[in-house]
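Each remark here refers to the structure printed beneath this line.
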Amino acid sequence: MLDTRQFRSDQACGDGWKVCADADLASRSLTGSAQETWLLDGLAQHSGTWDILGQQVFFARQYDSSGAASMDAWDGYRASRSRIQQGWVQRAVRNPLVLTGDVHRAWANDLKADYANPGSATIGTELVCTSITSGGNGSGSTTIPNVATNPHLRFHSDRRGYTRTTISRTQVRADFRTVANVTEHGAAVSTLRSFVILDGRPGLQAV
């Protein structure tokens with residue numbers, strides 16, 4: 001479990017969605033150097049089938065059509081993200097899976113070796129859990145924002161709920177559970193979308 005708030009560099013270019021060259025600076029870190037080293041050393045231990053990294057902000061690249069991105073997410077700390085992704089590839093991490101919160105939306109993303117090249121290898125998976133109630137009911141939209149510039153973004157939902165993961169030796173199954181009305185006591189919950197991630201095969205497989 002990472003702390004991406006306490007030890008990070010300040011947001012680049014004044015925060016917000018920006019086209020920002022400073023986001024690429026190698027000196028910028030979302031984790032701080034000590035925590036980054038601790039993480040990579042842990043990933044090198046190969047102590048389980050699944051290497052699950054819990055953390056707070058959107059991990060996969062998400063640019064809009066102008067090239068702007070959120071400076072509060074890993075897009076504001078691109079060298080930091082690259083060091084961690086390249087680190088798990090170099091350490092032959094078997095099944096890297098990033099679990100993300102603090103976005104108030106549900107997402108499922110493939111993590112790419114090179115986000116600028118959609119044909120590059122998929123080297124991990126990200127599941128973004130929506131908030132339980134924060135933000136109200138949401139619009140119900142499942143249209144993936146900015147998918148034209150980010151084809152590795154595979155699913156999005158603007159509803160409240162939770163993500164149920166069922167982990168076995170051969171796969172992780174993720175069920176995105178949602179409710180239509182957070183203000184209705186006892187409102188029905190349903191599974192909006194499901195994916196599996198297979199052992200030794202990074203990326204999302206639709207169910």
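Between Gly32 and residues 5 or more places away or on another chain, which pairs have amide H atoms under 5 Å apart, with H built 1.01 Å from N, and which residues are they?
Amide H neighbours of Gly32, under 5 Å, 5+ apart: Ser9.
Which residues' amide hydrogens lie under 5 Å from the amide hydrogen of Thr4, considering only partners 5 or more residues apart or on another chain, with H built in the peptide plane?
Sorted by chain and number, the residues that satisfy this are Gln56.
Isolated Cys in the chain by the 4.7 Å beta carbon test?
That list is Cys129.
On the protein heavy atoms, probe 1.4 angstrom, tell me the percent of accessible surface of the chain carried by carbon and sulfur.
Values: 4920 of 9680 Å².
Its accessible area is 51 percent carbon and sulfur atoms.
Quick one: accessible area per residue over region 105-145, 1.4 Å probe, rounded to a whole number of Å²? It would help to have the intermediate numbers written out before the result.
Details: 1660 Å² over 41 residues.
For region 105-145, the solvent-accessible area averages 41 Å² per residue.
Take the alpha carbon atoms of region 159-207, find their center, do the same for region 35-53, and report the distance between the two centers in whole angstrom.
Using only Cα atoms to place each centre, the spacing works out to 24 Å.
Tell me the label-point distance for the pair Ala121, Arg164, using the 7 Å Cα-to-Cβ offset, in nm and rounded to one decimal.
With each label placed 7 Å out from Cα toward Cβ, I get 3.5 nm.
The values are calculated or read from the model by the stated rules, or taken from the named source; none is laboratory data. What you are looking at is a predicted structure, and each value in this text was computed from that prediction instead of being measured. In this analysis, Cβ positions are derived from the backbone assuming ideal geometry, glycine residues included, and neighbour counts consider all displayed protein chains. The protein model used for the area step is the full one, side chains on, heavy atoms only, and it has no ligands, DNA or RNA in it. Shrake-Rupley method; radii C 1.70, N 1.55, O 1.52, S 1.80 Å.
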